[in-house]
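Report on the following structure.
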Amino acid sequence: MIKFLQPSPKECIIFNDEKQLATLVLVPSTVSNKFSIITKFVEEMSKRSPEFTIWYEKFITDYISDEEKFLVVERNIPELKRFVNEYIDSRNIDFSQFVDESKSKKTSILFGIEEIKRISKLSGYLKVYGLISNSENIKLDQRSHKDIYNQLAADVLNSETAYKIFNVIKTKTFRYNLTDKFMWDYIKTVQCKTIDVHVIEIFNFIMNSILILCEEDRNPITYFVSVVDESVKWFLRSVYKSQVVYADSISTEDIQSPNIDNLKTYSYNDTLGRLKGVAYEQIYETFENEATQTFEESEEPEVGDKGIVNFQNRLMEIKHISPLSEFIVFPILSKITSIPYNHFKTLSEDHAAILSVYVQNLMKKVFKKDYKNIIALLGFYPTNQASTITTYKLKIMSSFINIASEHDNFYGFKTKIILGNILSYFVGRSSRVTFYDLLSGKKLGGVPLSKLEQEIIQFFVLWFSGKLEPEFEKMEKLMNTDF
């Protein structure tokens with residue numbers, strides 16, 4: 001029979017009777033803190049099924065000895081699922097006790113008997129696999145792990161069950177927003193986290209770390225709801241005492257508001273929220289470790305805590321989005337994240353400014369000494385609204401003609417009129433804006449139009465002719481590394 005011994009909180013030894021199969025070094029995590037739930041489940045399966053015990057020993061020994069560990073797990077998935085399904089069925093659990101349709105309303109999120117059973121079985125799959133996924137010394141790499149997870153969770157992910165779980169989390173969290181709106185506004189300003197980003201994080205946390213800890217004879221939905229409650233209470237540092245329909249595990253009143261039902265929107269916001277967090281870390285590191293880069297490098301910049309405080313104050317006062325964000329930052333981020341450009345139009349002014357600094361850092365790494373003026377301006381924010389109409393015309397038209405003639409421009413079109421008008425519009429919108437450095441607070445003496453115009457021509461002619469694809473690929477790789 002399969003048994004487990006934990007000499008310490010971070011170590012777990014697997015036995016089959018007296019035979020030692022493997023020693024696991026547990027990853028510090030929520031799962032490891034309740035690892036006994038997993039070991040108990042596997043031990044119970046072994047008690048009931050000698051066939052499972054034989055299979056499990058071979059599975060673990062093959063996995064440890066074989067270099068192609070991903071393939072070992074993948075080819076054992078059908079058997080893993082079969083054993084768990086047979087075990088859950090043999091328990092004869094009355095899943096109907098977790099479903100009370102009499103309390104369901106039109107706006108309720110109702111989980112059926114089969115859906116509860118499906119969640120319970122998935123939790124079992126993850127427990128058996130969790131002995132591998134939660135061990136530091138034998139776990140798969142992240143990409144392989146995600147692939148295995150998706151195969152194990154296919155029945156849930158390919159049904160409405162996952163969407164219902166997401167809706168429960170969303171509805172419960174937005175309920176807190178009704179009572180703690182000012183706290184959420186404060187968190188958005190100070191911690192750069194909106195409520196929709198929190199929803200995505202909790203959903204990921206439940207699917208990756210909580211679902212595995214569900215016990216088969218208890219209602220998993222009630223467990224999920226309690227996790228959401230505790231996470232929000234911890235996050236807000238306040239206690240929410242109101243009664244919610246779903247507290248008895250059957251239904252949650254759905255709250256209807258624009259865009260919150262769009263899962264893609266949540267995904268986009270999650271990505272941009274994470275990028276904003278990365279940008280903040282980079283900015284704080286700049287204040288702590290090196291002088292702030294400005295156009296006037298000879299002057300002593302602000303550093304340390306004072307610089308961070310002043311930076312936060314400036315950020316809160318930004319009322320306009322830089323034209324460079326609109327025609328450089330947003331298109332680049334759209335390119336490397338696959339988020340539609342229109343979604344960037346929903347960003348707040350401070351979020352746009354932070355993302356501009358992030359793209360600035362990416363461009364410095366990829367383009368090195370090229371496009372110095374464009375890159376420098378990405379670290380500035382405007383104090384007045386950029387004009388939406390401009391009569392500006394390129395001053396170095398001959399240079400534009402020469403560069404454009406060397407390439408198929410504007411996505412294959414030979415015409416130079418359209419591209420020339422677009423670039424004139426870009427430069428013109430930037431020419432009459434008053435800029436301040438986001439990090440130092442210093443005012444830009446004046447936009448270096450001739451240099452900026454030359455760089456914009458070079459940059460966009462190459463972009464529209466498809467010549468910057470290698471650079472964008474590098475930026476995407478750097479971004480993925482940041483994640």
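Give, in nm to one decimal, the length gained when the segment between Lys345 and Ile37 is fully stretched (0.36 nm per residue of separation minus the Cα-Cα distance). Intermediate results must be reported in sequence, preceding the final value.
Values: separation 308, 0.36 × 308 = 110.88 nm, distance 4.63 nm.
Separation in residues times 0.36 nm, less the Cα-Cα distance, equals 106.2 nm.
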How many nm is it between the label spots at Glu160 and Asp370, if each spot is 7 Å from the Cα in line with the beta carbon?
-> 5.2 nm
Put +1 on the Cβ of every Lys and Arg and -1 on every Asp and Glu Cβ in the stretch 2-158; which of Ala22, Ser65, Val156 then has its Cα farthest towards the positive end of the dipole?
-> Val156
Which pairs break 21 Å Cα to Cα here: Lys369/Lys451; Lys164/Lys276; Lys19/Lys81; Lys170/Lys345; Lys146/Lys364?
-> Lys164/Lys276; Lys19/Lys81; Lys170/Lys345; Lys146/Lys364
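Which GluC sites (Glu not before Pro) in the stretch 1-48 sit in a loop by DSSP (not H, G, I, E or B) and have at most 14 other Cβ atoms within 10 Å of their own Cβ? Intermediate values should be presented prior to the final figure.
Numbers: sites: Glu11, Glu18, Glu43, Glu44; in loops: Glu18.
Within the stretch 1-48, the qualifying GluC sites (Glu not before Pro) (loop, at most 14 other Cβ atoms within 10 Å) are Glu18.
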Work out the FRET efficiency for Asp66 and Ser8 from their Cβ-Cβ distance, taking R0 = 25 Å, and round it to the nearest 0.05.
-> 0.35
Calculated FRET efficiency, Gln312 and Asn402, Cβ-Cβ r, R0 56 Å, to nearest 0.05?
-> 0.75
What does a probe at Asn384 reach in the stretch 429-456, counting residues whose amide N is under 19 Å from the point 7 Å along Cα→Cβ?
-> 429-438, 442-450
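Could you tally the net charge around Lys451, taking each other residue with its Cβ under 14 Å from the Cβ of Lys451, Lys/Arg +1 and Asp/Glu -1? All intermediate terms of the calculation are to be shown ahead of the outcome.
Numbers: positive: Lys369, Lys372, Lys395; negative: Asp370, Glu453, Glu455.
Local net charge: 0.
Got the relative contact order for the stretch 2-158 handy, in percent, Cα pairs under 8 Å and 6 or more residues apart? Don't jump to the answer; show the numbers that get you there.
Values: 146 pairs, mean separation 36.4, N = 157.
Relative contact order comes out at 23 percent.
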For the stretch 350-360, just list the computed ³J(HN,Hα) in residue order, Karplus coefficients 6.51, -1.76 and 1.60, θ = phi - 60°, integers in Hz, with x standing in for Gly and Pro.
-> 5, 5, 4, 5, 5, 5, 5, 5, 5, 5, 4
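What length, rounded to one decimal in nm, is gained on full extension from Glu18 through to Gln142, with 0.36 nm per residue of separation minus their alpha-carbon distance? Don't skip to the end; give the middle numbers.
Working: separation 124, 0.36 × 124 = 44.64 nm, distance 3.28 nm.
Roughly 41.4 nm would be gained on extension.
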Within the set of other residues whose C-beta is less than 12 Å from the C-beta of Lys395, count the net charge using Lys and Arg as +1 and Asp and Glu as -1.
-> +1
Scaled to the compact-protein estimate 2.2 N^0.38 Å, what is the alpha-carbon radius of gyration of the stretch 2-158, rounded to two decimal places?
-> 1.12
Of the GluC sites (Glu not before Pro) in the stretch 419-483, which ones lie in a loop per DSSP and count no more than 12 other C-beta atoms within 10 Å?
-> none
If R0 is 22 Å, what FRET efficiency do you get for Gln151 and Val27 from their C-beta distance, rounded to 0.05?
-> 0.55
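Where a number appears in this text, it was derived from the coordinates with a stated rule and is not lab data. Predicted model, so just to flag it, every value in this text is computed and none were measured. Here the Cβ is made from the backbone with ideal geometry for all residues, glycine too, and neighbour counts use every protein chain on show.
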